[in-house]
Amino acid sequence: MKVLKFGGSSVATPERIQSVIEIVKPYLSGEVAVVFSAFGGVTDTLIQISSAALEGNLEYKTKLAELEKRHLTAVRELVNVQKQSGILAQVKFMMNELEDVLHGVYLVKERTVRTLDYIMSFGERISAYIISEAFKNQGHAAEFLDARKVIRTDTNFGHAKVDFEVTNKLILDYFKHHPDVQIITGFIGTSESGETTTLGRSGSDYTAAIFAGALRASDLEIWTDVDGMMTADPRKVKKAFTVPEMSYEEAMELSHFGAKVIFPSTMQPAMVNQIPIWIKNTFNPTFRGTVIHAHSSNGKMIKGISSMNGVSLLSLQGSGLLGVVGASMRLFATLARENVNVILISQASSEHSICFAIDHKDAAKAKAAIEKEFQYEIRSEEIDEVPVEKDLSIVAVVGDGMKHSPGTSGRMFSGLGKNGVNVVAIAQGSSERNISAVIPQVDVSKALNALHEAFFLSDRKLLNVFLVGTGLIGNSLIEMVEDQFTKLAKENLLEVNIVAIANSKKMLFDEDGLDLKTCLEKMKASGEPMQMRSFFERMTALNLPNSIFVDCTSSTDVTAFYEDILSANISIVTPNKKANSSSMESYKTLKETAFKRGVKFLYETNVGAGLPVINTLNDLLLSGDKVLRIEAVLSGTLNFIFSSFEEGRNFSDVVHEAKAKGYTEPDPRDDLNGMDVARKILILSRETGLQMELDDIKVENLVPEPCRGEMSIDEFFKCLEKYNQDFEALRKKAADQRQKLRYMAVLDGGKVKIQLGSVDEKHPFYSLSGSDNIILMTTERYHDRPMVIRGPGAGAAVTAAGVFADIIRIGHYAK
């Protein structure tokens with residue numbers, strides 16, 4: 001014997017009912033019983049109609065007529081014309097009976113729970129009757145069974161308790177005399193006195209389990225609209241997948257904390273009789289689904305992650321609890337008298353406090369009742385007034401495999417911590433099957449994704465990137481991410497999901513990830529107006545795990561938000577030097593904020609574009625080395641200019657060529673004034689531990705003083721031409737000594753000097769060409785032969801590559 005159950009979404013339309021009949025057909029060759037819910041949405045509609053009648057709103061009649069039309073239409077579409085008349089008459093008869101009850105509610109302005117149960121019963125009674133006739137219409141030996149004939153309950157209307165001894169006997173007796181396929185109403189039963197009752201939430205599933213238990217069925221199949229029990233709620237965790245099998249206990253734990261596929265009451269009759277429960281999808285009938293049975297052994301430590309929203313946390317605390325026997329009894333007895341269900345309990349070994357989670361709707365009632373019970377202790381200040389923390393949720397990881405497996409809780413809380421999810425309370429039972437944490441409700445989605453990644457995708461990491469600045473560097477970065485996406489996912493198990501992009505005018509967001517081929521055009525065509533405040537608020541509101549903010553601008557308007565971004569537990573990657581070269585106080589604040597929040601602030605490309613300068617320097621310092629001296633050519637632009645400045649060429653022409661090749665800033669004076677180099681050497685100086693401000697650095701400005709005022713670029717070049725002879729004299733003097741001009745920054749003895757100097761052929765800077773940078777680090781370990789780092793120090797591609805490398809580095813940290 002197999003018992004099948006189909007929910008409301010499975011029978012919402014005549015087309016779906018026809019699909020269900022096709023699913024059931026292969027079972028008809030054996031023993032089978034099928035339980036049906038009301039048509040999709042009908043139970044809610046019946047409650048709404050009865051509420052309207054209760055309020056004296058005649059609109060209930062219109063809605064009732066629509067409901068009747070829906071059911072009559074189903075008959076006409078599922079049953080041949082010549083067989084319809086008797087069925088239509090029976091449906092109309094039941095609808096008339098329902099109308100009479102609703103009219104009574106309308107007249108007396110009263111709707112007891114007993115009456116509401118009777119009203120709701122019509123949904124299942126009519127749907128199961130119509131579906132039984134649809135089976136018969138196709139030549140199948142089917143019989144309609146109103147479950148009220150065999151399921152006996154008490155009179156706790158709305159959530160009636162089943163008398164299994166009587167019910168099981170009635171079911172067995174009935175099936176002995178009715179061999180045809182039984183089409184059974186879910187959700188309803190009847191009391192000893194013949195009153196209609198309902199079995200509470202997920203009552204149709206429970207009905208199916210009751211029949212399966214009584215008939216000692218080989219299998220119980222719950223057909224719904226999902227592919228089985230999922231590792232997490234797929235509406236919140238897009239990478240959730242079906243769990244092939246789990247134990248009864250695992251399923252009960254998950255259902256308690258919000259997994260809506262199956263409810264604990266459904267499992268009880270199946271557990272007692274060791275009947276496997278299958279969760280299958282009406283809309284994907286060939287998919288295996290999930291089987292819930294006594295022993296689950298698919299090797300997974302964790303089977304699922306679930307959550308429960310709308311939770312409040314209350315605490316009973318104070319010195320008066322220490323060593324006092326009976327305080328807990330008084331607390332929970334008080335809550336029981338007020339019918340307050342306790343979801344989670346946590347108590348520290350100090351006995352100073354007991355905290356517990358309850359439904360937020362009960363918080364005020366619970367607080368008042370507890371403070372009344374402990375009024376004398378509160379008055380004598382032995383116990384504090386009861387605090388209530390609102391807007392909380394519970395997340396739970398569940399799995400039999402965590403028993404005796406060290407590291408489960410470490411992985412859980414590491415995943416939450418790295419994503420800035422604050423844990424308010426923790427609970428774990430001695431069964432080691434469930435670890436629950438109370439967290440802010442606003443962080444639920446991020447927490448579920450972070451935990452799902454930690455337990456189910458631990459070898460794979462998804463990074464959510466928010467990019468501001470889509471100029472040369474930003475554009476190159478987007479191209480790299482697109483080109484390397486497949487390789488990264490396959491070889492490095494990293495997925496880089498660009499969620500948002502923005503330039504100075506527009507921004508574009510897509511939580512699921514932008515199409516990197518079209519996102520720039522789409523932003524220009526349909527992006528929203530860009531304001532950094534709006535971008536920041538949208539980014540933090542999404543609250544995605546493993547979020548990384550990438551700043552490819554040179555704007556101080558963007559860097560002004562760095563502290564807030566880090567405080568929101570979002571890592572930062574940036575080639576923008578403005579933040580780290582601003583005040584020392586600001587530099588320290590950003591570093592401290594990143595450390596305190598457990599996120600990364602990476603800026604390798606601040607110095608040397610894609611060259612590994614800052615990471616190398618930090619590795620030396622971390623390993624105990626000490627920096628004695630740094631010499632560097634840090635401007636690719638100025639190195640190109642002085643490498644190209646040869647005999648026979650005017651200095652102004654070389655600068656003009658550099659601008660034409662895109663090496664300089666729009667105004668070449670921003671390179672020639674040396675401030676870009678000053679910012680870079682300032683950052684390196686600070687990385688070594690020096691407390692230094694930009695004003696502490698002596699910078700030689702290569703822009704002749706008369707050329708520094710307000711003027712156009714063309715006017716600047718005309719002005720610069722007047723000083724060609726001065727620069728030629730410097731070049732010739734160096735050449736006569738077999739030396740070359742280089743614009744160098746030197747850190748020595750805690751002081752920094754930046755100037756144009758000359759080097760001979762023995763110096764590492766002599767052979768420097770093009771736009772290369774070079775950094776010499778003299779340390780205690782690298783004393784006689786300084787460490788040399790050399791390579792392209794400018795260009796969108798190499799800078800974007802450095803930014804990309806920092807993003808990947810964060811991905812490996814997040815693991």
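The values are calculated or read from the model by the stated rules, or taken from the named source; none is laboratory data. Owing to the predicted nature of the structure, the values given are computational and were not obtained by experimental measurement. When we count neighbours, we look across all protein chains shown, and the Cβ atoms used for this are built from the backbone with ideal geometry, even at glycine. We work out accessible area using only protein heavy atoms, side chains counted, and drop any ligands, DNA or RNA first. Shrake-Rupley method; radii C 1.70, N 1.55, O 1.52, S 1.80 Å.
Which percent of Cα pairs goes in each bin when the distances of the range 476-550 are cut into 10 angstrom slices starting at zero?
18, 49, 28, 5
Efficiency by 1/(1 + (r/R0)^6): what FRET value for S29 and R114, r their Cβ-Cβ distance, R0 = 35 Å, to the nearest 0.05? Working shown, then result.
On the way: r = 42 Å, r/R0 = 1.20.
Computed FRET efficiency for S29 and R114: 0.25.
From the residues L102, H140, Y743, which one has its Cα farthest along the dipole of the chain in the positive direction, the dipole being from +1 and -1 charges on Cβ of Lys/Arg and Asp/Glu about the Cα centre?
With unit charges placed on the Cβ atoms, the residue in question is H140.
Mind checking which aspartates and glutamates have their C-alpha under 15 Å from K69, skipping anything on the same chain fewer than 8 residues away?
E77, E99
Taking C-beta distances below 4.7 angstrom as the pairing criterion, name the unpartnered cysteines of the chain, in sequence order.
Among the cysteines of the chain, those whose Cβ sits 4.7 Å or more from every other are C355, C519, C552.
Quick one: of the DSSP bridges fully inside the chain, what percent are antiparallel, nearest 5?
Around 60 percent antiparallel, to the nearest 5.
List the chymotrypsin sites (Phe, Trp or Tyr not before Pro) within the range 1-52 that fall in a DSSP loop (any state other than H, G, I, E or B) and whose Cβ has at most 16 other Cβ atoms within 10 Å.
none
Would you work out the relative contact order for the range 282-428, in percent, from Cα pairs under 8 angstrom that are 6 or more residues apart?
Rounded, it is 36 percent for the range 282-428.
I'd like the accessible area for K161: 1.4 Å probe, protein heavy atoms, all chains in place, Å² to the nearest 10.
So the heavy atoms of K161 present about 140 Å² to solvent.
For every helix of n ≥ 4 consecutive DSSP H residues, a contribution of -39,500 (n - 2.57) applies; sum these over the chain, divide by its total residues, and give [θ] at 222 nm rounded to the nearest 500 deg cm²/dmol. Write down the numbers at each step before the final one.
On the way: 28 runs with 334 residues, N = 815.
So the helix-based figure for the chain works out to -12500 deg cm²/dmol.
Whole-Hz Karplus ³J(HN,Hα) for the range 545-561, in order, using 6.51 cos²θ - 1.76 cosθ + 1.60 and θ = phi - 60°, x for Gly and Pro?
In residue order, the calculated couplings are x, 6, 7, 10, 9, 10, 10, 9, 9, 10, 8, 6, 5, 7, 5, 4, 9 Hz.
Once the Cβ-Cβ distance between R738 and S504 is put in as r, and R0 is 45 Å, what FRET efficiency do you end up with, to the nearest 0.05? The partial results should precede the final answer.
On the way: r = 48 Å, r/R0 = 1.07.
Rounded to the nearest 0.05, the efficiency is 0.40.
If you average over every viewing direction, what projected area does the convex hull of the Cα atoms of the range 211-283 give, in nm²?
Mean projected area for the range 211-283: 4.9 nm², to one decimal.
Starting from the Cα-Cα distance between E479 and E592, subtract it from 0.36 nm times their residue separation and give me the gain in nm to one decimal.
Values: separation 113, 0.36 × 113 = 40.68 nm, distance 3.29 nm.
Contour length minus the Cα-Cα distance gives 37.4 nm.
Report the relative contact order of the chain, percent, no decimals, based on alpha-carbon pairs under 8 angstrom and at least 6 residues apart. Could you put the intermediate results ahead of the total?
Numbers: 1584 pairs, mean separation 66.1, N = 815.
That works out to 8 percent.
Using alpha carbon centroids, what distance separates the range 74-100 and the range 706-768, in Å?
The range 74-100 and the range 706-768 have Cα centres separated by 97 Å.
Over what distance in Å are the Cα centres of the range 573-601 and the range 444-468 separated?
24
Per the Debye formula with a single identical scatterer at each Cα and no solvent contribution, what log10 I(q)/I(0) holds for the chain at q = 0.08 Å⁻¹?
The calculated log intensity ratios at q = 0.08 Å⁻¹ are -0.85.
Using a 1.4 angstrom probe, figure out how much accessible area the chain has per residue, in square angstrom, rounded to the nearest whole.
Values: 36050 Å² over 815 residues.
Computed with neighbouring chains in place, this is 44 Å² per residue.
For a Förster distance of 22 Å, can you work out the FRET efficiency between the beta-carbons of D384 and D359, rounded to the nearest 0.05?
Values: r = 23 Å, r/R0 = 1.03.
Result of the calculation: an efficiency of 0.45.
Taking the Cα centroid of the range 209-273 and of the range 296-328, what is the distance between the two, rounded to the nearest whole Å?
23
At a 1.4 Å probe radius, carbon and sulfur cover how many percent of the accessible area of the chain?
Summing carbon and sulfur atoms, their accessible area is 49 percent of the total for the chain.
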